[in-house]
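Enquirer: One structure, pasted below without further comment.
Every number here is computed from the coordinates shown, using simple stated rules; none is lab data. Keep in mind it's a predicted model, so treat the numbers as computed, not measured. As a convention, Cβ positions derive from the backbone with ideal geometry for all residues, glycine included, and neighbour counts pool all protein chains shown.
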Amino acid sequence: MDDYTIGVLTNAGLFAFIALSAYLLLLAGELSFGQQAFFGVGAYSGGMLTAMWGWPLPLAAAVAMLLGAIAALAVAVPTLRLRGLYFAMATLAAAELARIAFELLQWQVPVDGEATGPDGTQGFRGIRWVLESGIEPQTFLALIWAVLTAVLALFLALERSKLGATLRGIGEDPELAAALGIDVDRWKLGVAAAAGALAAMGGVLYAHHNTYIEPRNFDIMLGVHSLAYALIGGLGTAFGPLVGVLVDIGLLEGSRVFEGYRMIAFGGLVALLLVVRPRGLLDERVVQWLRNRFSSR
Amino acid sequence: MLADLVQNTLDGVAAGASYALIAVGFTLIFGVLRRANLSYGPAIMLGCYLATLAFQRQPALGALALAAIAIGGSVLAGAYVERLCFAPHRQGSAIAAMVASFAVWMQLEELATLALPRHVHAFPALYDGAPLQLAGFALRVESLAMLLAAGLACALLWWMLERTRFGLAVRAVIASPVAAELSGISVPRTFVRVFALASAIGGVAGFLVAASHEQVTPMMGMWFTLKGMLAMMLGGLGSLSGAVWGALALGLVEAHAQWFFGPQLRDLLIYALLFALLAAGPRWMITRSAS
C-alpha cells in the first residue's frame, strides 16, 4: 500500500468511531450536535497521558474512554428531559464549551528538555507515542481497523439481541417503552456514556495518528459530519455509518476525481440520496430484506 | 466606567438589531416548516459573495445595487435549499431535512470559495466618515442603518402576518398544517413564499453585516446560522417576538461580556447560559414540541 492509501484508510477508520457514536444515539432517538466534544476529550486526555507522562497507549486509551463516558454523562444528565432541536442545541452548546475549554487549556511539562502539552489555541504537538514505539503507519492502520472491527462485532451482537430491540423501541416511542416497564432514563444515560466512550476511543487514536491536535479540530463541523455519515450510510445496521464514512473519505477524497469540487459533489450526493432514502442507504427495510435472503438459504 | 457601560449597551443594541434580522428569518422558516435550516446562513453568505463579486468587477456600483444583489442572491440560494432539502421532506423526517440542509451548506461554502478564492475579501462600508457623536457616545452609521432596517423589517413583517391574506395563511399553517390544507390553503406554496421572505430578510441582514464588518469570508455562513439559532433558542423556540427579544439579549450580553472578559470568555458565557437555560427549561423557552 502506498502512503496515500494508508492515510485515507486511516482517516476513514478514525472518523468511523465518531460516526458510530452519533449512530448509537440516533438509534435511541436522539440527535446530538456534540459528539465532537468527547472525541476531543479522548484526543486531549489520551495525548496528555502518553506524551506528558509516558503512559503506554492502551492504558491511556482506557482512561480516555472512561473520561469520555464521564463527560458524556455530565452532558446527558441535565439534558435528559430535552427532545429534538432542544437536545441538539444543548449538546451543541456543551461541545462549544468543551472546545473553548481546550482553547483555555495550558498545561506543559518538560519532556526530554522540551515543553510538552496543550498550549491553548496554539494546539498540542508532540504526541509521538506511535512513532517512538517504532510502530509503522501500516501497523497502526491495522490496529485501528482491528479495534473498529471489534466495535462493529459488538454492535452487530447488540442489534441481534433483545437489548437492540429495546434500544430501537426507546428510539421510536419512549412513552410506549416506559409503559412496557423499561427504565428509559437509565437506558438513555447508558447509551450516552457508551457513545461518549466510543467517540473518545476514536479521539485517542486520532491524536496519536496526527501527533498534533488543536481545538479547531473539534468544532461543530466534525459533529455534523458524523451525523451525516450515520444518516447517509443508513440507520438499519452498524455498517451504515461505516458506509457513510467510506463514501465521503474513501470515494470522494480517495479517488481525487472531484479535486476542488469535493464538497459540491458530496453535498449534492447526500441531499439527493436523502430524497430517495430518508433513512440512509442501508435502512431497516434493506437490512431486513438482506437478513431474509440470508436465513432462507 | 459608566460611560463604558453606556457605550457597550449602545453597541450591544446595534449588534442585537443585526441578530434580530437574522433570527426573524430563521424563526419564520422554523415556525412554519418545523425544521431547522442549517443552510440559512450559508445562503445569505453566498448572496454577500455575489455582491462582493459584482463590487470587484464594477467598483462604481452603489450601496443600493449591492444590497439588491445580496438579497437576490440570498433568495436564489434559499430557493435552491428549499427545493432540494425541504420540499421533498415536507411530510417526512425532520432529521433528514436538517442533514440535507447541512450537505447543501458544504456545497454553498465551496461554491463561494471557488468564486472568490482567497479567504477574506473587502466589502464597501456604507459611509466612509467618522461615527456619529451622540452626547459623547459613538454610533456608527452602519449600526444606525441596522437599527432602522431591523425596526422597519419587524413592522413590515407584523403588518404582513396580521393584515394580509398571505399572513393569515402563514398563521394558519403554523397553527395546524392539516387544518390549513383542509380550508383550501396551499401548504407547499406557503412554504415557498415563507422561504423567499425569510431569505430576503436574511439578505438584508447579510448586506448590512458585510458593510459594517467591511469584509466577507466563507465563515459568515456558520456565523449567521449559529447567531440565528442562538437568538431563536434564547427567545423561546419558534416565536417571532421571542426571537427579537432573544437577539437583543444576545447582543447585549455579548457586548458587555466582551468588554469585561474578552472574546473567548464571552463565547464561553453565551454557551454556558444557553446550556443552563435549556437544562432548566423555563416555561417561556420550552413552549412547543420541536422534534
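Enquirer: Enumerate the amide H contacts of B:GLN215 below 5 Å, restricted to partners 5 or more residues apart or on another chain; note that Pro and chain-start residues carry no placed amide H.
Expert: Answer set, sorted by chain and number: B:PHE123.
Enquirer: Can you tell me the orientation of helix A:84-104 relative to chain A, as the angle in degrees between its alpha-carbon axis and the longest Cα principal axis, to the nearest 10?
Expert: With rounding to tens, the tilt is 10 degrees.
Enquirer: May I pose another question? Give the Debye-formula value of log10 I(q)/I(0) at each listed q (0.25, 0.29 Å⁻¹), with one equal scatterer per alpha carbon of the range B:228-268, two decimals each.
Expert: For the requested q values the scattering log ratios are -0.73, -0.83.
Enquirer: How big is the equivalent ellipsoid of the protein assembly as shown along its three axes, where each semi-axis is √(5λ) from the Cα gyration tensor, reported in whole Å from largest to smallest?
Expert: So the three semi-axes of the protein assembly as shown are 39, 30, 24 Å.
Enquirer: What residue among B:ALA94, B:ALA130, B:ALA79 has the largest mean-square fluctuation in a Gaussian network model of chain B, using Cα springs under 10 Å?
Expert: Looking only at B:ALA94, B:ALA130, B:ALA79, the largest GNM fluctuation is found for B:ALA130.
Enquirer: Which three lengths, in whole Å and largest first, does the range B:112-161 cover when its Cα atoms are put on their principal axes?
Expert: 39, 39, 12
Enquirer: Please compute the average number of Cβ atoms from other chains found within 10 Å of each residue's Cβ in peptide B:268-279.
Expert: 6
Enquirer: What are the equivalent ellipsoid semi-axes of the range A:3-296, built from the alpha-carbon gyration tensor (square roots of five times its eigenvalues), in whole angstrom, biggest first?
Expert: Computed over the range A:3-296, the values are 31, 23, 18 Å.
Enquirer: Among B:SER101, B:SER241, what is the fewest-to-most ranking by other Cβ atoms within 10 Å?
Expert: Ordered by Cβ neighbours within 10 Å, fewest first: B:SER241, B:SER101.
Enquirer: Sticking with this structure for a sec: Once all Cα-Cα distances of the range A:1-157 are split into 5 Å bins that start at 0, what whole-number percent is in each one?
Expert: 2, 8, 14, 19, 19, 17, 12, 6, 3, 1, 0
Enquirer: Determine the calculated [θ] at 222 nm for the protein assembly as shown from helices alone, applying -39500 (n - 2.57) to every DSSP H run no shorter than 4 residues and normalising by the residue count; nearest 500 deg cm²/dmol.
Expert: For the protein assembly as shown, the value works out to -24000 deg cm²/dmol.
Enquirer: What is the ratio of the Cα radius of gyration of the range B:2-280 to 2.2 N^0.38 Å, with N the residue count, to two decimals?
Expert: Compared with the compact-globule rule of thumb, the range B:2-280 sits at 1.00.
Enquirer: OK, next. Would you mind checking the tilt of helix A:284-296 against the longest principal axis of the Cα atoms of chain A, expressed as 0 to 90 degrees and rounded to 10?
Expert: 80
Enquirer: Moving on. Calculate one ³J(HN,Hα) per residue across the range A:157-169 by plugging θ = phi - 60° into the Karplus curve 6.51 cos²θ - 1.76 cosθ + 1.60, and present them in order as whole Hz with x for glycine and proline.
Expert: Residue by residue, the range A:157-169 yields 5, 4, 6, 7, 8, 5, 4, x, 5, 4, 4, 5, x Hz.
Enquirer: I'd like to know how the range B:189-229 sits against the 2.2 N^0.38 Å rule of thumb: what's its Cα Rg over that expected value?
Expert: That ratio works out to 1.30.
Enquirer: Can you divide the C-alpha Rg of the range A:66-168 by 2.2 N^0.38 Å and report the result to two decimal places?
Expert: 1.51
Enquirer: Separate question: What do you get for Rg/Rh of the range A:129-225 when both radii come from the Cα atoms and Rh is the Kirkwood radius?
Expert: Taking Rh as the inverse mean 1/r over Cα pairs, Rg/Rh reads 1.10.
Enquirer: Same structure, new question: Output the DSSP H helices from chain B with an along-axis C-alpha extent of no less than 18 Å and a mean Kyte-Doolittle hydropathy no less than -0.5.
Expert: Membrane-span-like by this criterion, though nothing is claimed about a membrane: B:2-33, B:40-57, B:63-81, B:94-115, B:141-163, B:187-213, B:220-234, B:240-261, B:263-280.
Enquirer: If Rh is defined by the Kirkwood formula over all Cα pairs and Rg also comes from Cα, what ratio Rg/Rh do you get for the range B:165-239?
Expert: 1.10
Enquirer: Provide, for q = 0.10, 0.14, 0.15 Å⁻¹, the log10 of I(q)/I(0) from a solvent-free Debye sum over equal Cα point scatterers in the range B:100-205.
Expert: At q = 0.10, 0.14, 0.15 Å⁻¹ the computed log10 ratios are -0.53, -0.86, -0.91.
Enquirer: Quick one: grab Rg to one decimal and Dmax as a whole number for the range A:153-280, Cα atoms only, in Å.
Expert: Looking at the range A:153-280, its Cα Rg and Dmax stand at 17.3, 53 Å.
Enquirer: How large is Rg/Rh for the range B:142-291, to two decimals, with Cα atoms and a Kirkwood Rh?
Expert: So for the range B:142-291, dividing Rg by the Kirkwood Rh gives 1.00.
Enquirer: Continuing with this model, one more query. When averaged across all projection directions, what area in nm² does the alpha-carbon convex hull of the range A:241-297 cover?
Expert: With the hull built on Cα positions only, its mean projection is 4.7 nm².
Enquirer: Springs between alpha-carbon atoms under 10 Å, Gaussian network over chain A: tell me which of A:SER32, A:SER21, A:SER133 tops the mean-square fluctuations.
Expert: Looking only at A:SER32, A:SER21, A:SER133, the biggest GNM fluctuation is shown by A:SER133.
Enquirer: Work out how far the C-alpha atoms of the range A:215-267 reach from end to end along every principal axis, then list the three figures in whole Å, largest first.
Expert: Ordered largest first, the range A:215-267 gives principal extents of 32, 28, 15 Å.
Enquirer: I need the semi-axes of the equivalent ellipsoid of the range B:18-138: take the C-alpha gyration tensor, multiply each eigenvalue by 5, square-root it, list largest first in whole angstrom.
Expert: After scaling each eigenvalue by five and taking roots: 31, 19, 12 Å.
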